Amino acid sequence: TSIPLDIQSFLGLAGYHKRFVEGFALIASPLTTLTQKKVNFLWFEACEKSFEVLKDRHTSAPVLTLPEGTNGFVVYCDASRIGLGCVLMQNGKVIAYASQSLQYVFKQRDLNLRQRSWLEFLKDYDISILYQLGKNGSE
């Protein structure tokens, strides 16, 4: 086997449980880069930190709760140039985490079928988007 395949295997296993790991895509980003074609394999400190954080997050107990009823759900989202994340909460308790790297979006010229389907699906909903300043008060 090759080291990139080993990393891909680790990311596959870790990704199976990513809904329990806040910010999974951003944490895994340095390792994900190493699995891409035409990328020189260089294990930097960021890769080691990513690996250790993912190991730690997968060996500690998650603090998630089950939903209660159908009311009071809130989704908090955050986005940057490299990724996005969201938290589904109900009554102040975390139900699930989700995150996604956005690197592929910058290489994509047109919307794919899945993206077009989501646009079509969401257009029928009355959605309110509220902007909230970042932690340091910046935009």
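Any read-out appearing in this document is the output of simple, stated calculations on the displayed coordinates, not a laboratory observation. What you see is a predicted model, and the numbers here were worked out from it, not measured in a lab. Note that each Cβ is placed from the backbone with ideal geometry, even for glycine, and that neighbours are counted across all protein chains shown.
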Quiz prompt | Cβ-based charge dipole, the chain, positive-most Cα from His58, Tyr97, Ile7 | solution = Ile7
Exercise. Considering the options Gly85, Gln36, Phe20, tell which one lies farthest towards the positive end of the dipole of the stretch 3-122, charges being +1 on Lys and Arg and -1 on Asp and Glu at the Cβ, about the Cα centre.
Key: Gln36
Quiz prompt | Total charge dipole magnitude, the chain, about the Cα centre, Cβ charges on Lys, Arg, Asp, Glu only, Debye to nearest 20 | solution = 380
Practice problem: Starting with the fewest neighbours, write out Ile27, Ile127, Ile82, Ile95 ranked by other beta-carbon atoms found within 10 Å of each beta-carbon. | Solution: Ile127, Ile82, Ile95, Ile27
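May I ask you to sort Val21, Val87 by Cβ crowding, counting other Cβ atoms within 10 Å and putting the fewest first?
In order of increasing Cβ crowding within 10 Å: Val87, Val21.
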Quiz item: For Lys49, which aspartates and glutamates qualify as cross-link partners when the Cα separation must be under 20 Å and same-chain residues fewer than eight apart are set aside?
Solution: Asp6, Glu22
Self-check item: Burial ordering of Cys77, Cys86, fewest other beta-carbon atoms within 10 Å first
Solution: Cys77, Cys86
